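To start, the structure under review is shown below, and the notes come after it.
The values are calculated or read from the model by the stated rules, or taken from the named source; none is laboratory data. This structure is a prediction, so every number in the text was calculated from the model and none was measured. For neighbour counting, all protein chains shown are included, and Cβ atoms are generated from backbone atoms with ideal geometry for every residue, glycine included. We work out accessible area using only protein heavy atoms, side chains counted, and drop any ligands, DNA or RNA first. Shrake-Rupley method; radii C 1.70, N 1.55, O 1.52, S 1.80 Å.
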Amino acid sequence: MNNYPKKLSDLLENFSIITDQQERMNFLIDYADKFKEVPPEIAKRPFSEENKIPFCESGAYVWTRKQNDGALKFYFAVENPQGISAKALSTILDKTLSGETPESILKVPDDLVTKIFGESLSMGKNMGLTGILQKIRRDAKSFLN
C-alpha cells in the first residue's frame, strides 16, 4: 500500500484486519453516520449536473477546491437518505484524501472501492462508488495544469 497517502493506507490496513462481513458493514455504517454534506458556501440546491456522479444510484455529487497550500479539499452531497455506501465512501475519502496534493490523489487506484467494500457489491453500486473516486481523480488531474 506504498502508493496510498498515509491516512488512506492506515484505514485500508484496518479494513484488511476485518474478515467478518457484518463487522465490515458496521464499520462502514459508522462512517456513513459521520457524513457531512457540502456546506452552502460551496454549493446550494439544485446542485450542478457537472458535479453529479453518473450511474450513482444515491445521487452523489462531488466538489473539489484547491487550498492555499496546494492541497485539495473535497465536499460531497448524497441525495438519497438511504445512500449509506455513498455516504460512507464520501466520508472516508474526505477524511483520508482531503489535505493531499493532486499528485498524491492520482496515485490512488480505482480498485480502492473493492478494497473498502469487498467483492460482493452489485455492478450498479460498484459503478456509482467508483464514479465518486474517478471524479476526485479527474478533479485532481485538472489542478495539475
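Please report, as a whole percent, how much of the solvent-accessible surface of the chain comes from carbon and sulfur atoms (probe radius 1.4 Å). Ligands and nucleic acids excluded, carbon and sulfur give 48 percent. Neighbours of P54, meaning other residues whose beta-carbon lies under 13 angstrom from its beta-carbon, give a summed charge of 0 when Lys and Arg score +1 and Asp and Glu score -1.
As a length-normalised measure over Cα pairs under 8 Å and 6 or more apart, the relative contact order of the stretch 1-142 settles at 30 percent. Net length available on complete extension from T114 to N68 is 13.3 nm, with 0.36 nm assigned per residue and the Cα-Cα distance removed.
Go through the stretch 89-145 and name the GluC sites (Glu not before Pro) that are in a DSSP coil and have 12 or fewer other Cβ atoms within 10 Å of their Cβ.
Counting only loop positions with at most 12 other Cβ atoms within 10 Å, the GluC sites (Glu not before Pro) in the stretch 89-145 are E119.
Please identify, among T19, T64, T130, the residue showing maximal mean-square fluctuation in a Gaussian network model of the chain using a 10 angstrom Cα cutoff. In this elastic network of the chain, the residue with the biggest mean-square fluctuation among T19, T64, T130 is T19. Separation of the stretch 72-89 and the stretch 1-61, taken as the distance between their Cα centroids, equals 6 angstrom. Computed from point charges on the beta carbon alone (+1 for Lys and Arg, -1 for Asp and Glu), the dipole magnitude for the chain about its Cα centre is near 400 Debye. Between E79 and S48, the contour length at 0.36 nm per residue exceeds the alpha carbon distance by 9.9 nm. Accessible surface for the chain, divided over its residues, is 55 Å² per residue with a 1.4 Å probe.
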